[in-house]
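*Asks:* To start, I am sharing the structure in question, which I have written as C-alpha cells.
The values are calculated or read from the model by the stated rules, or taken from the named source; none is laboratory data. These numbers come from a predicted model, not from an experiment. Because the Cβ atoms are built from the backbone with ideal geometry, glycine has one as well, and the counts that use them run over all protein chains shown. Accessible surface areas use protein heavy atoms only, side chains included; no ligands, DNA or RNA. Shrake-Rupley method; radii C 1.70, N 1.55, O 1.52, S 1.80 Å.
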Amino acid sequence: MPVSDESLKSIKSSARTKVSLLRRVADLYQITGFDTVTVTQVPRRNAPFVQQQISADFVTITFKDQFVSRGDMFYFQRSFLNSWVYEGKRLSFNGIRTNTKVIRHGDHPIRSGIISEDTKLTFRSRSARIIWLVQMSSEMWDFASPYKAVGNQKNKEPSCETYFNKFISFARKLFEKWKKLELTHNLTVVYFSRTFVRHKEDSSRSNTASAVHTNSDGRMYCDNYKIVLNNETNTDWNSLIYRMKQAFVNYPREVKWDLTPGMERIPSTAGQGNILEAVNMTLNLLHLHFIDRDLHRTGNSIVIMTAGNG
C-alpha cells in the first residue's frame, strides 16, 4: 500500500493513530488490538529492490468442484500480477474460486508476498479423477517383512501382514486424510491380473471375456480385469474399504484360479504380469477426456499398486 508524506505526517502528529488490518492478516502475524507497529515509507529508487525481496517465488493455490483449463490458469495468474497475497486468501477470477495455501520465497516459506512476473503458481485440484490399478499377482498373498514396517520405531512390536493388508492400511490412512481435508476426488479401483493356463480349452471354464494368448516363452495366459469401485465420490470413505476387501476375497474364484494337477490356472508374478496392458486400457478411457467433460473435476491421475517388482 503506497504511503504518502502527508499520511506519514498525520500519523506522527497523532499519538493514537490506528491502522486497520484484516482479521485474517492480523491473526496470521499474531497482531492484537493496540499493538505497536511501524510504518515505513520505501523511497521510489529502492522500490524495485524491495519488491524483489518481498515477492513470492512459488505460490500453491487449491480449488474444488470446478473445471479449470490450462488457458484459465494462465489468465488467472496474469490477472493477479503485482497483487499481494497471504496464506488463506481467497482469489477469484472469471468464476474460478481458489484458496492460497503455501507461499515460498527462495527455500523457505513466508506468510505473504507479491505475485510478480517470475512467480510460479501451482494449481492443486481437490476434486480430481483418480484411477487405482491394483495388480493381483501371486505376491499379493505373501507376507511382508515385519522389520521394514517397524523401522526406527523402537516401542512398536514387529508384526507380519500380507501385502494386500498393507495396501488396505495405506488406503485407510489416505481416506482419513481426504476426509480431514474435505476432498471430493472421483475414485475408480480396478483389480487386474494375468493367469497362466495349462490347456487352451480351459479358457471355456472362465466367465470372463479374456482370450488365451501365448507369451514369448510359449506359456498360455489370459488377462483379467475387475472394476471394484467406479467413479466413487463418497464422504464415508471407510465404506469403500469393505468393498475392496470383499472383492479381494472373491477374486480367485471369479477368475477361476485352480491348482488341480493337469488343469492348473495360476496367477503370474508381478514381473510376468500385464501392467502395460492395464495402463493402456486406462489411457483408452482418458484420451477422449474432452468429450462429455465433467465440469466438476480437474485432473486425471493413474496410480499403479503392485506387491512385486519387474
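*Asks:* Select from region 231-266 the residues that are touching a Leu at 6+ places or on another chain (Cβ under 9 Å) and open to solvent by 20 Å² or more (accessible area, probe 1.4 Å) and list them in ascending order.
*Replies:* Result: ASN231, GLU232, THR233, ASN234, ARG243, ILE266.
*Asks:* Here is a further query. Is region 86-95 home to any residue that is part of a helix (DSSP H, G or I), touching a residue at least 24 places away in the same chain (Cβ under 8 Å) and either exposed (fewer than 15 other Cβ atoms within 10 Å of the Cβ) or among the small types (Gly, Ala, Ser) (or both)?
*Replies:* no
*Asks:* Could you tell me which numbered condition THR269 fails, if it satisfies all but one of (1) loosely packed, with under 13 Cβ neighbours inside 10 Å; (2) assigned to a loop (DSSP other than H, G, I, E, B)?
*Replies:* Of the numbered conditions (1) loosely packed, with under 13 Cβ neighbours inside 10 Å; (2) assigned to a loop (DSSP other than H, G, I, E, B), the odd one out for THR269 is (1).
*Asks:* A further question on this structure: Can you name the residue in region 69-79 that is touching a strand residue (DSSP E or B) at 6+ places or on another chain (Cβ under 8 Å) and over 15 Å from ASP57 (Cβ atoms) and is also surrounded by the most Cβ atoms within 10 Å (Cβ to Cβ) among such residues?
*Replies:* PHE76
*Asks:* Is there a residue in region 97-108 that is under 26 Å from HIS289 (Cβ atoms) and open to solvent by less than 50 Å² (accessible area, probe 1.4 Å)?
*Replies:* Yes: one or more hits.
*Asks:* Let me ask something else. Just to verify a result, which residue in region 128-158, among those that are more than 30 Å from ASP294 (Cα to Cα) and among the aromatic types (Phe, Trp, Tyr), is modelled with the highest pLDDT?
*Replies:* TRP141
*Asks:* Which ones in region 82-125 are hydrophobic (A, V, I, L, M, F, W, C) and out of contact with any Ser or Thr (no Cβ under 7 Å at 6 or more places or on another chain)? Give the steps one after another, and end with the answer.
*Replies:* Going through region 82-125, the residues hydrophobic (A, V, I, L, M, F, W, C) turn out to be 84-85, 91, 93, 96, 102-103, 110, 114-115, 121, 123.
Matches in region 82-125: ILE96, ILE110, LEU121, PHE123.
*Asks:* Would you pick out the residues in region 41-85 that are in a strand (DSSP E or B) and touching a residue at least 60 places away in the same chain (Cβ under 8 Å)?
*Replies:* Matches in region 41-85: SER55, ALA56, ASP57, PHE58, VAL59, THR60, ILE61, THR62, PHE63.
*Asks:* Still on this model: As an exercise: evaluate LEU288 against (1) more than 30 Å from SER69 (Cβ to Cβ); (2) assigned to a loop (DSSP other than H, G, I, E, B) and give the number of the one condition it does not meet.
*Replies:* Of everything listed in (1) more than 30 Å from SER69 (Cβ to Cβ); (2) assigned to a loop (DSSP other than H, G, I, E, B), LEU288 misses just condition (1).
*Asks:* Restricting to region 207-263, and then to whatever is in a loop (DSSP other than H, G, I, E, B) and of a type in the set (A, V, I, L, M, F, W, C), can you tell me which residue is modelled with the lowest pLDDT? Talk me through it step by step, then tell me what you get.
*Replies:* Taking region 207-263 first, the residues in a loop (DSSP other than H, G, I, E, B) are 207-212, 215-219, 233-237, 255-257, 259-263.
Now restrict to residues that are of a type in the set (A, V, I, L, M, F, W, C): 209, 211-212, 237, 255, 257, 259, 263.
Details: ALA209: 48, ALA211: 76, VAL212: 84, TRP237: 80, VAL255: 91, TRP257: 91, LEU259: 84, MET263: 81.
The selected residue is ALA209.
*Asks:* I would also like to ask the following. Looking only at region 272-301, filter to residues that are open to solvent by 60 Å² or more (accessible area, probe 1.4 Å) and among the hydrophobic types (A, V, I, L, M, F, W, C); which one of those is farthest from SER137 (Cα to Cα)?
*Replies:* Restricting to residues being open to solvent by 60 Å² or more (accessible area, probe 1.4 Å) and among the hydrophobic types (A, V, I, L, M, F, W, C), the top hit is LEU295.
*Asks:* Another one. Would you check if there is a residue in region 160-182 being more than 21 Å from the chain's Cα centre (by Cα), open to solvent by 30 Å² or more (accessible area, probe 1.4 Å), at pLDDT below 90 and charged (D, E, K, R)?
*Replies:* Among the residues of region 160-182, at least one is more than 21 Å from the chain's Cα centre (by Cα), open to solvent by 30 Å² or more (accessible area, probe 1.4 Å), at pLDDT below 90 and charged (D, E, K, R), which makes the answer yes.
*Asks:* Taking the stated definitions as given, is SER138 under 27 Å from PHE248 (Cα atoms) and hydroxyl-bearing (Ser, Thr, Tyr)?
*Replies:* Criteria met by SER138.
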